[in-house]
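Rule-based calculations on the coordinates, nothing more; no lab input. Keep in mind it's a predicted model, so treat the numbers as computed, not measured. Cβ: placed from backbone, ideal geometry, glycine included. Neighbour counts: every protein chain shown.
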Protein chains: 2
Amino acid sequence: MALPSSTVENYLKAIYQAQSAQDPEKRLVPMGRLAGALGVAPGTATTMVKTLAESGLVDYEPYAGVRLTPAGEKLAALVLRRHRLMELFLVKVLGMSWAEVHDEAERLEHAASDRLIDRIDAMLGRPAADPHGDPIPDSSGSMVTPEYQTLLTCPLGSPVVLTRVTDQDSAFLRFLESSGLKPGQAIRVEARDAAADHVVVRGRRERQIMIGMRAAAKLQVAPLEQTG
Amino acid sequence: MALPSSTVENYLKAIYQAQSAQDPEKRLVPMGRLAGALGVAPGTATTMVKTLAESGLVDYEPYAGVRLTPAGEKLAALVLRRHRLMELFLVKVLGMSWAEVHDEAERLEHAASDRLIDRIDAMLGRPAADPHGDPIPDSSGSMVTPEYQTLLTCPLGSPVVLTRVTDQDSAFLRFLESSGLKPGQAIRVEARDAAADHVVVRGRRERQIMIGMRAAAKLQVAPLEQTG
DNA sequence: ACTGGAATTTTGATAACTCAAAACACTATA
DNA sequence: TATAGTGTTTTGAGTTATCAAAATTCCAGT
């Protein structure tokens, strides 16, 4: 088995991410969605997926969609590992901004050797999550995906910690950065208003931030243990 | 002008390096040599070089060889810049060994953005040379190539500093490393014996090292100012 | 000047990836 | 239950990069 081309890696990664985003346990990604995620024509995705199926990396059901096999899932997790470690490295060690590392990592993830990745992993102290709070798979490809709540579901008024941002759009990331809403930040949700389609968040230095509900759903939080 | 594929970058780099290695001012790299350096069939090199010529990156003279145009030379220098900064970064920041960084940099040089490279450059303090002592072009693609002597040409007995190793073979590099012969090291040549085809070098901690003349020619040195 | 051997170029194929547009299948609803 | 639409697949073609092997060119030595 030759090492997968970066095209193959990108398809696997996209399928993995589409599967995760999907209704739990539906797990069949339609070709249109996949093609959209990769920016290719639908027919291209069909063709490529058929060859992935021949390599045993995915299960393909014509007209229904595609799903990773265990082998494909492992490979995808390792790509994600490279991507996320690289992002964290660029932020922590090279001081790049949260918003600009995504594209860089997108290219470097296909060029970095396992050796380099492991060294980066060690240097960063075997971190559990990247700058967006996305969990980093270990070198065997397994990853813990913790239970979570979002700004839409967490209890009102209690302090929580922002743990993860499930959107890579760089304009969105820049907005969060300028609002002080980075993973690790302690905040609390003061109010939700379905009619106004927003939530009110009290953040760093008691600053008040209003966020649309669509965006709020992309911010995951964990309960914060009160100290003192 | 689209950005060059990594294949194009590799051809330009190979031509650049072959030109530098060549008799000064002959400057025409034959297809055979180029194909050999890149590990492709001769016909492949011919085809590719013709398309490079159409893009104005090289001058191609059928049956004679190929030479970089100013545009090609600049691009090649920028590839070299990415490669060398990357190598130095891997050694200095990630603690990788001198011998193992070459292949890694070979892949990363095509994936790293100018932005990342500049950041690395700044972090390393705008270094003049990579771990092998090869000069690093600046971001405009110009590079100073200092005059040099080698272990074969430097004065006998006087202290010199090892400045550059013009061979990337990793077995050779490991030998040098184990002998303490890294760029920056102060040494002196005690004797040369043409019949025995070796030179005798006195190195770190008065250790004596014998090196074949072929290898000795690959070690460049500069006079060392005596202090005290 | 001729010619034989080496280097180079040409030719014909292949592999991986892509697109546009024609053909097709599924399913929701009328 | 027929069908209109949407989404999917197929088809035919193009791009980039490669190889092996045939054809060609060059030059060195008679």
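Taking a virtual spin label 7 Å from the Cα of residue A:177 along the C-beta vector, which residues in region A:192-215 bring their backbone nitrogen under 19 Å of it?
A:204
Using +1 on the beta carbon of Lys and Arg, -1 on that of Asp and Glu, and nothing else charged, what's the dipole of region A:51-165 about the Cα centre, debye to 20?
320 debye
Taking the Cα centre of chain A as origin and charging only Cβ (+1 Lys, Arg; -1 Asp, Glu), how large is the dipole, in debye to the nearest 20?
Computed charge dipole of chain A: roughly 340 debye.
Calculate, for residue A:169 and residue B:113, the FRET efficiency according to 1/(1 + (r/R0)^6) with r their C-beta to C-beta distance and R0 22 Å; round to the nearest 0.05.
0.70
Taking only the C-alpha atoms, wrap a convex hull around region B:1-119 and report its volume per residue in Å³ as a whole number.
In region B:1-119, the Cα hull volume divided by residue count equals 112 Å³.
Looking at chain B, identify the longest residue range that excludes and avoids all GluC sites (Glu not before Pro) in DSSP loops having at most 12 other Cβ atoms within 10 Å.
Maximal segment without exposed cleavage sites: B:26-146.
Give the whole-number value, in cubic angstrom per residue, of the convex hull volume spanned by the C-alpha atoms of the protein assembly as shown.
In the protein assembly as shown, the Cα hull volume divided by residue count equals 217 Å³.
Where Rh is the Kirkwood radius over the Cα pairs of region B:84-184, the temperature 4 °C and the viscosity 1.567 mPa s, what D in µm²/s does Stokes-Einstein return?
Here the translational diffusion coefficient equals 88 µm²/s.
Quick one: dipole size for the protein assembly as shown, taken about the Cα centre, charges +1 on Lys/Arg Cβ and -1 on Asp/Glu Cβ, in debye to the nearest 20.
600 debye
For chains A and B related by rotation, which residue of A has the Cβ nearest the axis, and what is the rounded distance in Å?
Nearest to the symmetry axis by Cβ: A:111, 2.
Which ordering of A:193, A:167 is given by a fewest-first count of other beta-carbon atoms within 10 Å?
Lowest count first: A:193, A:167.
List the lysines whose alpha-carbon lies under 22 Å from that of residue A:92, not counting same-chain residues fewer than 8 positions away?
Qualifying lysines at Cα under 22 Å: A:182, B:92.
For region A:121-228, state which chymotrypsin sites (Phe, Trp or Tyr not before Pro) are in a DSSP loop and have at most 16 other beta carbons lying within 10 Å of their beta carbon.
A:148
Which distances, shortest first and in nm, link residue B:27 to the matching position in the other copies, using label points set 7 Å out along Cα to C-beta?
Inter-copy label distances (nm, one decimal, shortest first): 6.4.
Pick from B:99, B:194, B:111 the residue whose mean-square fluctuation is largest in a GNM of chain B, springs joining Cα atoms under 10 Å.
Highest fluctuation of the listed residues: B:194.
Taking the label point as lying 7 angstrom from Cα along the Cα-to-Cβ axis, what are the distances from residue A:171 to the corresponding position in the remaining copies, in ascending order and in nanometres?
So the label point of residue A:171 gives 5.8 nm to the other copies.
At 4 °C and a viscosity of 1.567 mPa s, what translational diffusion coefficient does Stokes-Einstein give for region B:136-179, taking Rh as the Kirkwood radius over Cα pairs? Give it in µm²/s as a whole number.
Value of D from the Cα-based Kirkwood radius: 99 µm²/s.
Assuming 0.692 mPa s and 37 °C, estimate D for chain B with Stokes-Einstein, Rh taken as the Kirkwood radius over Cα pairs, in µm²/s.
173 µm²/s
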